[in-house]
Amino acid sequence: MEDESEYLFKPHERPTLPGSPATPDHPQRRRVFYLLIGTLIGITGGLGNALVSVNLIFAQGTLGLNSDESAWLTAAYFMTNTTANLLFVKYRQQFGLQPFVRAMLAIYGLTTLLHILVHGFWSAIAVRAASGFAGSGLSTLTILYLMQGMPASKRLNGIMLGISIPQLATPLARVLSPHLLESGDWHMLYWFELGLVLALLASVIALPLPPSERVKAFKRMDFVTFFLLAPGLWLLIAVLSEGRIEWWTERAWIGWALAASLILITSALVIEHFRADPLINTRWLGTREMLRLILVAASVRILLSEQAFGSVGLLNALGVLNDQMVGLNLVIILASVAGTATAILAFRPSNVARPISIAIILIAVGAFMDAGSTNLTRPANLYLSQALIGFASMLFLCQTMVIGVSRTFLAGPKNFISFVVLFGLSQSIGGLMGSTLLGTFQAIREHVHANELMQDIVMTNPLVAARIGTGAGVVSHVIGDPALRNAEAGALLAQQIVREANVLAYNDVFLLIGVLSVAATIWSYMIRWSMRRRGEVSPVLQLQRAQAASANTQGEQE
């Protein structure tokens, strides 16, 4: 083992594991700067994807893309973002933390600059993929910097902040985008982000992370696993991104891609299962506690799609754009900050599962509130429900991350890569799966409602005849022919029917999420009851006890 510098670490300052920075006793002023830089890294890294995902319509127009082509921009980002940590952790362990930091900042700055120069589909895909690669590294740096800003007894708070801050990027992007787009096309968004990257670069150079320790980490079989697992996940992400747009049964490539994905992922996991020193510890991930954590994390992430897909989709169907949702997104940001603060201030190591149950209950309440939407619903009508869900999302993420990290360190630092990869997948794939499944359900229900509404559209119905007459009167000053006026009035009525069908379909989505949230709440309480019956102690409390015992042992030896 060799250090990045000749600095001699005190026992309590040594890195938790190779590739992580040391944790010296910083003065209070330096801690504040670490917290500020960590916040800047988290926001900047999150905006890398958020600015594109919330402005796909503008990117579509600027680059001349169809809707299925524009979806590839988001898919390309997720493909590299979700798989990069398979190698990043060991890269830091073998080559050191500072080379990793410099590489990530250089790649991120370059990709941000290239976004400004991109004018074609394939070049945009390449840049988005590179951005996802660098964004994964910035997520790690966010947590590392924020942990440096915390005293030793509050390091778990740094982890909770590190997982929460990047989540603010999406509502923040919806707030900032309208003002940035007023002065140009979607490239103006990246001039703004380039400024953030330059500020970030200056900050990291001015206050680098403490040095880390290095070990020889890479094994040949790691790359075999990567080149099986990464393409498998890429194919799965492609299917989830394009399935509901091109429709599942309309494109043969979707079925072939899904089959190949399952084969590649299964092959990689089988290889890892029989390795003596695996990259991903499948035996540990297959334990009851970890499987339970994975299922809860992925399930709640799917439910949280109520905000990312449901409310935004409903408002878009009613013709509401980002510039009209600024107030709503400010409310979501404030509620999310309040959720993070509550998770930190009300943190109880002995009962970390209770906030997760509370978060699921809040999701259910918010979803049922939205299920009564009409064509008159506007952003102001969703303030309370979306504030509840924004609050719940942070409460859930903070507690889940802390539980996972605690179980990881209890099982041994060698399982850190397994947890990082799996937690990232549960959140990214879970989010994609939530939007995909709910989008598919919404499309099916929209067709059902449209057919039901169309059955009552007959000219013998006086209400229909009156509506057609009103529509014909609206266009009479531009269309002179009576037959064409009636035809145009019929087309306007059909548009109104589609709008109403969409509203009813989104209400069905909200009801479905509410029902699933109730089921998830019952499941969470059953898990907690089962843990109490077996006398199972909270993993966070177990970790704190283990750390206290280790500190006492070191003190006695000294």
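The values are calculated or read from the model by the stated rules, or taken from the named source; none is laboratory data. None of the values given here were measured: they were computed from a predicted structure. In this analysis, Cβ positions are derived from the backbone assuming ideal geometry, glycine residues included, and neighbour counts consider all displayed protein chains. Heads up: the accessible areas ignore ligands, DNA and RNA and are worked out on the full protein's heavy atoms, side chains in. Shrake-Rupley method; radii C 1.70, N 1.55, O 1.52, S 1.80 Å.
Could you tell me whether the range 285-297 includes any residue that is within 30 Å of L189 (Cβ to Cβ) and open to solvent by 10 Å² or more (accessible area, probe 1.4 Å)? Reasoning before the result, please.
Of the range 285-297, the ones within 30 Å of L189 (Cβ to Cβ) are none.
Checking the range 285-297: not a single residue is within 30 Å of L189 (Cβ to Cβ) and open to solvent by 10 Å² or more (accessible area, probe 1.4 Å).
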(request) Within the range 314-337, work out how many residues are loosely packed, with under 15 Cβ neighbours inside 10 Å and hydrophobic (A, V, I, L, M, F, W, C). (result) 2
(request) Would you point out which residue out of V300, V337 is closer than 30 Å to A505 by Cβ, among the hydrophobic types (A, V, I, L, M, F, W, C) and touching a residue at least 60 places away in the same chain (Cβ under 8 Å)? (result) V300
(message) Looking only at the range 338-369, count every residue that is open to solvent by 40 Å² or more (accessible area, probe 1.4 Å) and in a loop (DSSP other than H, G, I, E, B) and tell me the total.
(response) 4
(message) I'd like the residue in the range 49-81 that is farther than 21 Å from A169 by Cβ and of a type in the set (G, A, S) and, out of all such residues, is nearest to the chain's Cα centre (by Cα).
(response) S67
(message) Let me spell it out: the conditions are (1) on the phi < 0 side of the Ramachandran plot; (2) open to solvent by 40 Å² or more (accessible area, probe 1.4 Å), and V239 meets all of them except one. Which number is the exception?
(response) (2)
(request) Filter the range 267-290 for residues that are at pLDDT below 90 and among the hydroxyl-bearing types (S, T, Y) and give the result. (result) T282, T287
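Within the range 524-537, track down each residue that is open to solvent by 80 Å² or more (accessible area, probe 1.4 Å), closer than 14 Å to R354 by Cα and without any contact (Cβ under 8 Å) to a residue 24 or more places away in the chain. Working first, answer last.
Step one: filter the range 524-537 for residues open to solvent by 80 Å² or more (accessible area, probe 1.4 Å), giving 525-526, 529, 532-534.
After this cut, where a residue has to be closer than 14 Å to R354 by Cα as well, the list is 525-526, 529, 532.
Those that are open to solvent by 80 Å² or more (accessible area, probe 1.4 Å), closer than 14 Å to R354 by Cα and without any contact (Cβ under 8 Å) to a residue 24 or more places away in the chain: M526, W529, R532.
In the range 128-212, which helices (runs of 4 or more DSSP H) lie fully inside it and hold 3 or more residues that are in contact (Cβ under 8 Å) with a residue 12 or more places away in the chain, closer than 21 Å to I116 by Cα and open to solvent by less than 10 Å² (accessible area, probe 1.4 Å)?
On the way: elements: 155-164, 169-181, 187-206.
Filter on the range 128-212 gives 169-181, 187-206.
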(request) Identify, from the list L388, L376, the residue that is among the aliphatic types (A, V, I, L, M), free of Cβ contacts under 8 Å to residues at least 40 places away in the same chain and open to solvent by 20 Å² or more (accessible area, probe 1.4 Å). (result) L376
(message) Which pairs turn up if I take residues in the range 357-369 that are at positive phi and look for partners that are part of a helix (DSSP H, G or I) with beta carbon separation below 9 Å, at least 6 apart in sequence or on another chain?
(response) none
(request) Filter the range 155-197 down to residues that are under 22 Å from R31 (Cβ atoms) and either aromatic (F, W, Y) or modelled with pLDDT of 80 or more (or both), then give me how many there are. (result) 11
(message) Against the definition (at pLDDT 80 or above, more than 17 Å from F121 (Cβ to Cβ) and surrounded by fewer than 22 Cβ atoms within 10 Å (Cβ to Cβ)), how does L36 come out, yes or no?
(response) yes
(message) Go through (1) within 20 Å of N81 (Cβ to Cβ); (2) surrounded by 18 or more Cβ atoms within 10 Å (Cβ to Cβ); (3) not basic (K, R) for F227 and report which single condition fails.
(response) (2)
(request) Answer yes if at least one residue in the range 73-87 is modelled with pLDDT of 75 or more, among the small types (G, A, S), surrounded by fewer than 20 Cβ atoms within 10 Å (Cβ to Cβ) and in a helix (DSSP H, G or I), and no otherwise. (result) no
